[in-house]
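Q: Submitted below is the structure of interest, expressed as structure tokens.
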Amino acid sequence: MKFDTKEFSRRTFIKGSLAAGAALGLGTALDLSGSPFQAAKAKGESKIVHSACPRNCYDTCSILSTVEDGVLKRVEGDKANTYTRGRLCAKGFSYTRSVYSPDRIKYPMKQAKRGSGKWERISWDEAYDIIAKKILAIKKEYGNTLPICLDKYSGNFNLLNYCVEGMMSSIGHTTRATGTPCWPAGIDAQTFDFGTIWNNDPEDMVNSKYLIIWGANPSWCSVHSMHLVMEAKKRGCKIVVIDPILTQTASKADWFIQIKPSTDGALALGIAKYLLDNNMVDYGWLAANAKGYEEFFKYVREKITLDWAAEKTGVKKEIIEQLAREYGTAKPASIWIGYGMQRHTNGGQNVRSIDALAAMTGNIGKSGGGAQYAQLQTWGVKYNVMGMKAPAGTTTTKDRIININNSAQEILDANDPPIKMLWIACRSPLTQAAEPQKIKEAYDKLDLVVTADLFMNPTVQMSDIVLPVTTPFETWGLNVSYWHYWCALNEPAIEPQYEAKSDLEIAMGLSKKLNELEPGSCTFPTEGKLEDWVAAEFTPDFLKQFGLTSWDELKKGPRKAVTGLIGWQDGKFKTPSGKYEFASETAVSEGHELLPVWTEEMKTPEKYPLRLMSPHWKLSINGQFQNLDWMMDIHSEPVVEMHPETAARYHVQNGDMVKLYNEQGAITLKAKLTKVTAPDTLVVYEMWLNDKDFNVNNTLKSLPADMGKKATGAPGIAFHDNFVALAKA
């Protein structure tokens, strides 16, 4: 079947990818007739290539890409992956458009003045020359390369993209924006309790008898998990969703419990109280596997009441009792802890309280049970691309670390030496980070800002040099998930469009230029086949984990790990005691509570009485996908969702324009009245719209979450403790 590109966008993409739930299992097909993009090379052949989605997403989909005459014609899920099951989400279906989008950055360019929009096309050699000379000039002036800063994160989780860190190491010690905006408080919480994060294989979810999805919305953010949730339900598992928002996932559950934001720990402690009082505790498991439960139980008995928990959470006492009774008597029972609920000033401590429920009931280490957050068990590659040595003569001893969640202020504060150059990769701080106004102020301090990206986003607009990068379909890669247990090779399906290069090719090119200008100034290899770089990432243990004898067996399709699919099944926790730790001295050493006790939530400021939450949007992942014209055809403007009671207080009607503001800034957008959110809680989904001056983070302060530094180097950010005032615009 042949479609006109425009017609395809309006009819097939919308109907095929969204209306039927974003997981139809249909591929997308593309005709480039009328498009400014054409095949880089018409090979006169048809082939199917193994691809992998590298975005920061639970699902990390295995993809089959159909290429005809050098054109990526079709993408579909790879049925060999029993988690993906031959299906993609709406974002994945849109890949054929993102590859050929007329909005892609096509050439290296330099800007006359940041933010001016006066871009000039330059050659790769000229780009490398400008950048390399600046690096060498900084090194000469300051005697080291610490004034060069890297701000990179998760826009592309292809393991080869860790070459960017390797490139920085190869020029000397630099300044690194360290940490993660996404999930660090929860990681620390589980590090204190378990020793690290290690969720069960999500495909094991079907064996649960009781599943609580707590602060997660897989219908939008992990669509392939929903099949498993619904299969578990079909087998008799009760599905409970706890969330401040009546999400699409909640609409499919047996039971939705709407909770006040940031009070999840109080609900967990209320459940713990009921379990204790009603002898629903697995003392046998605790005696064999846990440390400090007696102290925790003493705290719960003395300090926690169900009436208190009900008042804190807004969940009726009777509901808490029923939830605790059902959870405490179902075996195995599992809790899926979402990332949104730990984006608070007490988020990590809330996760610890929920972890405690799984331990109290002896559900840890069991098929169908557990406290599921994430896993890094399948990330044990060699990281060869990162392992570069500093050049001979380097005078510094280590990198300088700044907090990725407060990088603007830390760039402004850095004086010994000052930060003069910034390299941005796989990230758009001006659409993803807090205090975007301050980020611009920080960039004004810099001599050179270089961004490697696909599209002309607000961060690129505030850069001096932009380098066009390849899509996943134009380069090699290797991908694993932080949720499921599959590993997928990404083979290049098509030639790079225009002059795009992978981050790895950019690193090699820059190294070559640096060594031309000053021999020995960069240790990064200057050449090498990308396929060989993939091969160099495999260790014997990694191969064994996936039942492989050679890495290129992945060319036949994705492979699933054959070991470690049930977290903590062997009872050997990675805590100092080797046990599950209700009482964590490690937590104390990091400045936290010994036990998972209640930590007060952030109080609503009188001046800014409305909480503004900014969850992930179904058509985007942070600043990606929603910018495409296909997505804009479906959703073209941001809205603020508010409860009718809230709207009535402010005399706001559905469709009215409203201004949300606080001391950080303001956003103006259309009101959408809905009862999916609670009174006094506003919801604006995060997204980057290509043609709109909209950034939900304009009102967001760099307020740290309570945890994150232990495991990731910096605390998380309290995205959902953002309070605003409202006025009709």
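The values are calculated or read from the model by the stated rules, or taken from the named source; none is laboratory data. Computed from a predicted model, the values in this text were never measured in an experiment. Neighbour counts are summed over all protein chains in view; Cβ atoms, including those assigned to glycine, are modelled from backbone coordinates with ideal geometry. Quick note on the areas: whole protein, heavy atoms, side chains included, nothing else; ligands and nucleic acids left out. Shrake-Rupley method; radii C 1.70, N 1.55, O 1.52, S 1.80 Å.
Q: Quick one: in region 508-527, which of the residues that are open to solvent by less than 50 Å² (accessible area, probe 1.4 Å) and within 33 Å of the chain's Cα centre (by Cα) is farthest from His173 (Cα to Cα)?
A: In this case the residue turns out to be Gly509.
Q: Go through the residues of region 679-689 one by one and say whether even a single one is more than 22 Å from Asp264 (Cβ to Cβ) and either of a type outside the set (Phe, Trp, Tyr) or out of contact with any Ser or Thr (no Cβ under 6 Å at 6 or more places or on another chain) (or both). First the steps, then the outcome.
A: If we filter region 679-689 for residues that are more than 22 Å from Asp264 (Cβ to Cβ), which is where we start, we get 687-689.
Subset that is either of a type outside the set (Phe, Trp, Tyr) or out of contact with any Ser or Thr (no Cβ under 6 Å at 6 or more places or on another chain) (or both): 687, 689.
Yes; the residues of region 679-689 include at least one that is more than 22 Å from Asp264 (Cβ to Cβ) and either of a type outside the set (Phe, Trp, Tyr) or out of contact with any Ser or Thr (no Cβ under 6 Å at 6 or more places or on another chain) (or both).
Q: Also: Consider region 125-172. How many of its residues are closer than 14 Å to Ile506 by Cβ, among the aliphatic types (A, V, I, L, M), open to solvent by 10 Å² or more (accessible area, probe 1.4 Å) and in contact with an Asp or Glu (Cβ under 7 Å, 6 or more places away or on another chain)?
A: 0
Q: Follow-up. Give the number of residues within region 443-476 that are assigned to a strand (DSSP E or B) and either small (Gly, Ala, Ser) or open to solvent by 10 Å² or more (accessible area, probe 1.4 Å) (or both).
A: The first filter runs over region 443-476 and keeps only residues assigned to a strand (DSSP E or B), leaving 448-453, 455, 465-469.
Next, from what is left, pick out any that are either small (Gly, Ala, Ser) or open to solvent by 10 Å² or more (accessible area, probe 1.4 Å) (or both): 448, 452-453, 455, 469.
The number of residues fulfilling the criteria is 5.
Q: Hey, another quick one. Quick one: what pairs do we get from region 238-255, first residue surrounded by fewer than 20 Cβ atoms within 10 Å (Cβ to Cβ), second polar (S, T, N, Q), C-beta under 7 Å, 6+ apart or different chains?
A: Leu246/Gln258; Gln248/Asn217; Gln248/Ser219; Lys252/Ser219
Q: Hey, any hits in region 650-663 for a residue that's under 30 Å from Gly155 (Cα atoms), of a type in the set (Asp, Glu), more than 26 Å from the chain's Cα centre (by Cα) and at pLDDT 95 or above?
A: yes
Q: So how many residues does region 597-627 have that are among the acidic types (Asp, Glu) and in contact (Cβ under 8 Å) with a residue 24 or more places away in the chain? Don't jump to the end; show me each part of the working.
A: Start the filter on region 597-627 by keeping residues that are among the acidic types (Asp, Glu), which leaves 600-601, 606.
Next, only the ones that are in contact (Cβ under 8 Å) with a residue 24 or more places away in the chain stay: 600-601.
Residues meeting the conditions: 2.
Q: Cβ contacts < 6 Å: first residue more than 22 Å from Asn350 (Cβ to Cβ), restricted to region 268-294; second residue open to solvent by less than 30 Å² (accessible area, probe 1.4 Å) and at pLDDT 95 or above, any location; separation 6+ or different chain. Result?
A: Filtered contacts from region 268-294: Asp282/Thr361; Asp282/Gly362; Trp285/Gly362; Asn289/Gly571; Asn289/Tyr580.
Q: Moving on to the next point. I'd like the residue in region 225-237 that is open to solvent by less than 10 Å² (accessible area, probe 1.4 Å) and either among the hydroxyl-bearing types (Ser, Thr, Tyr) or touching a Lys or Arg at 6+ places or on another chain (Cβ under 7 Å) (or both) and, out of all such residues, is farthest from Tyr58 (Cα to Cα).
A: If we take residues in region 225-237 being open to solvent by less than 10 Å² (accessible area, probe 1.4 Å) and either among the hydroxyl-bearing types (Ser, Thr, Tyr) or touching a Lys or Arg at 6+ places or on another chain (Cβ under 7 Å) (or both), then Cys237 is farthest from Tyr58 (Cα to Cα).
Q: Then there's this: Please tell me if Val640 is more than 17 Å from Gly340 (Cα to Cα), among the aliphatic types (A, V, I, L, M) and not in a strand (DSSP E or B). Give the derivation first.
A: Working: more than 17 Å from Gly340 (Cα to Cα): yes; among the aliphatic types (A, V, I, L, M): yes; not in a strand (DSSP E or B): no.
Considered against the rule, which asks whether it is more than 17 Å from Gly340 (Cα to Cα), among the aliphatic types (A, V, I, L, M) and not in a strand (DSSP E or B), Val640 comes out as no.
Q: Would you mention how many residues in region 679-694 are under 15 Å from Ala666 (Cα atoms) and of a type in the set (A, V, I, L, M, F, W, C)?
A: Adding up the residues that qualify gives 4.
Q: Report yes if Lys298 is over 34 Å from the mean Cα position of the chain (by Cα) and surrounded by fewer than 20 Cβ atoms within 10 Å (Cβ to Cβ), otherwise no.
A: Numbers: over 34 Å from the mean Cα position of the chain (by Cα): yes; surrounded by fewer than 20 Cβ atoms within 10 Å (Cβ to Cβ): yes.
So Lys298 fits the description; yes.
Q: So Asp680 passes all but one of these: (1) over 25 Å from the mean Cα position of the chain (by Cα); (2) more than 16 Å from Arg343 (Cα to Cα); (3) surrounded by fewer than 21 Cβ atoms within 10 Å (Cβ to Cβ); (4) modelled with pLDDT of 95 or more. Which condition number does it fail?
A: (4)
Q: Taking region 624-656 as the region of interest, how many residues are among the hydrophobic types (A, V, I, L, M, F, W, C) and open to solvent by 10 Å² or more (accessible area, probe 1.4 Å)? Steps first, answer last, please.
A: In the first step, residues of region 624-656 are kept if they are among the hydrophobic types (A, V, I, L, M, F, W, C); the result is 625, 628, 630-632, 634, 639-640, 642, 647-648, 652.
Subsequent filtering for residues that are open to solvent by 10 Å² or more (accessible area, probe 1.4 Å) retains 625, 632, 634, 639, 648.
Number satisfying all stated conditions: 5.
Q: Considering Leu160, Leu146, which residue is of a type outside the set (Ser, Thr, Tyr) and within 27 Å of the chain's Cα centre (by Cα)?
A: On the way: Leu146 fails: within 27 Å of the chain's Cα centre (by Cα).
Criteria check complete, one pass: Leu160.
Q: Looking at Lys701, Lys659, Lys675, can you tell me which residue is surrounded by fewer than 21 Cβ atoms within 10 Å (Cβ to Cβ), among the basic types (Lys, Arg) and part of a strand (DSSP E or B)? Explain how you work it out, then say what you get.
A: Working: Lys701 fails: part of a strand (DSSP E or B); Lys675 fails: part of a strand (DSSP E or B).
Going through Lys701, Lys659, Lys675 in turn, just one is surrounded by fewer than 21 Cβ atoms within 10 Å (Cβ to Cβ), among the basic types (Lys, Arg) and part of a strand (DSSP E or B): Lys659.
Q: Is it the case, given these coordinates, that Gly292 is surrounded by fewer than 23 Cβ atoms within 10 Å (Cβ to Cβ) and on the phi > 0 side of the Ramachandran plot? Full working, then the answer.
A: On the way: surrounded by fewer than 23 Cβ atoms within 10 Å (Cβ to Cβ): yes; on the phi > 0 side of the Ramachandran plot: yes.
So Gly292 fits the description; yes.
Q: I'd like to check something: does region 311-332 contain any residue that is at pLDDT 95 or above, open to solvent by 20 Å² or more (accessible area, probe 1.4 Å), in a helix (DSSP H, G or I) and small (Gly, Ala, Ser)?
A: no
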